[in-house]
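Quick note: the coordinates plus some simple rules give every number you see, no bench work behind them. Quick caveat, the model's predicted, so the values are computed rather than measured. With ideal geometry, Cβ positions are generated from the backbone for all residues, glycine too; neighbour counts draw on all protein chains shown.
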């Protein structure tokens, strides 16, 4: 192997299109994976010999099937119907495709591995072993760079109203947190434009193991392409449009990390703003920035962390995955992050075959759950705040809205229309 250059110095970068051409207007409802799929299809067209998709699940189900208009599945078992050169390798064997992806990458090409969130963990130990190899390879002077391994988790836990509890598992995020820090990347873009931006970055990157957590269901595009580009470069930012006075001097900070949970953050911010609570909305797309400074190349400095999350205000994180995984990052910052002012909401193993919004309600990450906790945190920290006399009444009514939601879904089998809407903000 040491005599074959293709085994250690063969990397050829992809020819990538301008991702902004695949962006969508802000406020338009669009599937993030459909947007990514259109971008990836153009990547296939522009790189017919150096890019493949390794898909253990249905590429059509995951909304990445735009590539099939450019190429085809690489069937080879029947000589009479075999296609030569199809760029989509689709078979229900995650570990086999992981081996294909590693070999394809180590010989200079670039691959993409989309999968259902609940099943990508099947190859966890293979990813971990590869990351250890990659760490040593980067430290070996005679080895050249290789393309990153790129994973997309779709069909995520928050939208398993057909498959149910068995398909609800965000555990791979925790496994990625344990990889060698210099090569691990975890991205949770909250909407379509951010998703395409992140995908373009990952396909350009070298010597990383990238995990992108997305959504195939239509959701609102919260940012323009220009806003999404700045947001993804920073890894996190204040979303001024959904904050009080562009986020200045907040009573509470609400943080979204993921697709569905970010929508609930924006909705909760609207509820609170209508009750006179000053809110700053922050979105995190690059999860690794939250770790302690010096522990990861992307980790925020203390000053940067406090510029986003303040020095002393209550902060509520609404996270796509298990709260413990986010806590493992944030509470390493013990010198300047008090547990008393931070709440972390996420998936707490409550699920069934149910309506989409019921998953949010069952796991206590809904807009009403967030608003309830937020108003009590504000009241406790600021006893003279105008919301204090109404805190109990507001919380009781928000809890009642969840009771009404549960009753409605049991009677109709559907979510009410308000679940897909953001409350109108009256005033600032």
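Remarks
- Only one item in [x] 75, 50, 36; [y] 66, 57, 40; [z] 91, 48, 47 matches Cα extents along the principal axes in Å derived from the coordinates shown, and that item is [x].
- Expressed to the nearest 5 percent, the antiparallel share of DSSP beta bridges inside the chain is 20 percent.
- Nearest-0.05 FRET efficiency for residue 9 and residue 248, computed from C-beta distance (R0 51 Å): 0.50
- With the cut-off at under 17 Å, measuring from each backbone N in the range 296-329 to a point 7 Å along the Cα-to-Cβ line of residue 348 picks out 316-328.
- Anisotropy class of the range 72-219 from Cα gyration tensor, a/c 1.5 cut: oblate
- On Cα atoms only, tilt of 32-46 relative to the major axis of the chain in degrees: 20
- With the highest mean first, a sort of the peptides 276-282, 403-409 on other beta-carbon atoms found within 10 angstrom per residue produces 276-282, 403-409.
- At full extension, residue 399 and residue 126 could sit 93.9 nm farther apart than now, given 0.36 nm per residue minus the alpha carbon distance.
- Gap separating the Cα centres of the range 4-24 and the range 274-335, nearest whole Å: 32
- Restricting attention to the range 5-220, close to 15% of DSSP beta bridges with both partner residues there are antiparallel.
- With the helix formula -39500 (n - 2.57) applied to DSSP H stretches of n ≥ 4, the chain reaches a computed 222 nm mean residue ellipticity of -11000 deg cm²/dmol.
- In degrees, nearest ten, helix 259-273 long axis to first principal axis of the chain (Cα): 20
- Between 0 and 90°, nearest 10: helix 225-234 axis offset from the chain longest Cα axis: 90
- Among 89-99, 309-319, the peptide with the highest mean count of other Cβ atoms within 10 Å heads the list, and the full ranking is 309-319, 89-99.
- In the range 5-220, Cα pairs under 8 Å separated by at least six residues give a relative contact order of 28 percent.
- Length available on full extension from residue 165 to residue 293: 0.36 nm per residue minus the Cα-Cα distance, which gives 42.4 nm.
- In plain terms, the chain from residue 327 to residue 140 could stretch by 63.9 nm, reckoned as 0.36 nm per residue minus the Cα-Cα distance.
- Structural descriptor for the chain: relative contact order 15 percent, calculated from alpha carbon pairs under 8 angstrom and at least 6 residues apart.
- Cα centroid separation - the range 98-153 against the range 366-399, whole Å: 46
- Each label was represented as a point 7 Å from its Cα along the Cα-to-Cβ direction; for residue 275 and residue 340 these points are 2.3 nm apart.
- Protection-proxy order for peptides 136-146, 374-384, each taking the mean of Cβ atoms within 10 Å per residue, highest first: 374-384, 136-146
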